[in-house]
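Everything on this sheet refers to the single structure shown next.
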Amino acid sequence: MHKLGLRLLALALITLLSFSATGCGSYTRVVVVEKPHTKEHGNTAVADRHFHQGLKYYHKGKYKKAVKHFDKAVRKDPHHWEAQYYLGVSHRHMRAYRQSQQHLQFALKNAPRDKRVKARIHAAFGATWEAIGERHKARDSFKLALDFDHRNSDAKHGLERMNGKHGKKKGKSKKYGSR
């Protein structure tokens, strides 16, 4: 009991001295927050590994293998917008247009508020609509992409294709060339 009393007295003295050293009533609070290693954080790292592996296959034109890795990335991190985007584009290359649109929709929902990212996704929508034969929807998607980023080359070329095939002039056109 005596030791406890001495410790409390020492603590009280230290507290009083610290108040008097810093000015009466003034104090600084230091809060240390450690980010715990959670399962979610680990899932994000695994998702990124699968995403990058999928990109390797995608750039080689091996879309089925790419889709497997992008799927794994999305299962680990459902908000991984880039994996969703590449799933959409990969499915379009594989002519699975409904899946392409679904994944592009998820990508758009989870994408950051970056106009270039939005343009990229809308240009991919345009290419999917174009592949299906929905020219008006493709044109609208390409225009929307250009509204977000007027420099998006995929949207520019897509819109040129849409206008070139259904432009007023037939045959050779100075602006678009012969198609």
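The values are calculated or read from the model by the stated rules, or taken from the named source; none is laboratory data. Keep in mind the model is a prediction, meaning the values are calculated, not measured. Here the Cβ positions follow ideal geometry from the backbone for every residue, glycine too, while neighbour counts run over all protein chains shown. Heavy atoms of the whole protein, side chains included, go into the accessibility calculation; ligands, DNA and RNA do not. Shrake-Rupley method; radii C 1.70, N 1.55, O 1.52, S 1.80 Å.
Table for the structure above
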{"item": "Whole-percent carbon and sulfur share, accessible surface of the stretch 113-160, 1.4 Å", "result": "48"}
{"item": "Residue-count net charge about Ser153 - beta-carbon cut-off 11 Å; Lys, Arg +1, Asp, Glu -1", "result": "0"}
{"item": "Label point distance in nm, Arg116-Arg135, each placed 7 Å from Cα along Cα→Cβ", "result": "3.3"}
{"item": "Rounded if a/c under 1.5, otherwise prolate or oblate - the stretch 47-126, Cα gyration tensor axes", "result": "oblate"}
{"item": "Nonlocal amide H pairs with Asp149, under 5 Å, H built at 1.01 Å", "result": "none"}
{"item": "Label-to-label distance, nm, for residues given as Lys109 and Asn163 (7 Å Cα→Cβ offset)", "result": "3.4"}
{"item": "Shape of the stretch 96-147, Cα gyration tensor, a/c cut at 1.5", "result": "oblate"}
{"item": "GluC sites (Glu not before Pro) restricted to DSSP loop in the stretch 50-134 with at most 15 other C-beta within 10 Å", "result": "Glu134"}
{"item": "Stretchable slack from Thr44 to Gln99, in nm (0.36 nm times residue separation minus alpha-carbon distance)", "result": "17.5 nm"}
